[in-house]
Amino acid sequence: MTEEAESLFPKAYDTLLNQLIAVLKGRLTPLALEEVLREVGRSLAGAQAASQMNGDMGSRIGRALAALEAIGGAARVEKENEKLVICSESCPLATAVSEHPEVCRLAETLLSEIIGVEVREHCDREGTPRCRFKVMGSENGKRVKATRNFKRLEPDQAL
């Protein structure tokens, strides 16, 4: 979404989410906050995750893109070194991510739960945040079992 289009939407949700994350940061350890954000991602995945066994990688990726769209994203899939990468020039949670980068863990988990493989977040947070998620189990379309305990990447680590 362009900055102009962003300005047309109500900002109450942005303010509410930012304040909620700030309060949670003040009460929870970083690890506990990450688990809360991941649980929200699992919850948002809901029935989509329950049906992940159905369909090939392409259909699961399609459901994941639809889930991102439902929360305001406009993502696409690209292939990079035999891996699929879900990326978007606009982040559906941009305002929150700008202040609280750990919110990307929510989307990372949402995607992983729906696709059924590990997904690693490597978003660009310079200026307006842009989403970038590498689908780790996507070599040649093969399905790889997802885990709930993902290795956390630091911002300077390569995918």
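Taken together, the values in this text are just the output of simple stated rules run on the coordinates, not laboratory data. Source: prediction; values computed, not measured. When we count neighbours, we look across all protein chains shown, and the Cβ atoms used for this are built from the backbone with ideal geometry, even at glycine.
Exactly which trypsin sites (Lys or Arg not before Pro) in segment 10-44 are in a DSSP loop and have at most 16 other Cβ atoms within 10 Å?
Filter output for segment 10-44: LYS11.
Over segment 3-141, what portion of Cα pair distances is larger than 22 Å, expressed as a whole percent?
Considering segment 3-141, 37 percent of its Cα-Cα pairs are separated by more than 22 Å.
Between VAL36 and TYR13, what is 0.36 nm times their sequence separation minus the Cα-Cα distance? Round to one decimal in nm.
6.4 nm
Please compute the Kirkwood hydrodynamic radius of segment 68-107 from all pairs of different C-alpha atoms, in Å with one decimal.
So the Kirkwood estimate lands at 11.1 Å.
Take peptides 69-76, 115-122, 87-94 and line them up by average Cβ neighbours within 10 Å, highest first, as a rough protection proxy.
Answer by packing, highest mean first, reads 115-122, 87-94, 69-76.
Listing THR128, THR109, THR15 from the residue with the fewest other Cβ atoms within 10 Å to the one with the most, what is the order?
Listed from fewest to most nearby Cβ atoms, that is THR15, THR128, THR109.
Which of ASP14, ASP56, ASP124 comes first, and how do the rest follow, when ranked by fewest Cβ neighbours within 10 Å?
With the fewest neighbours first, ASP14, ASP56, ASP124 line up as ASP56, ASP124, ASP14.
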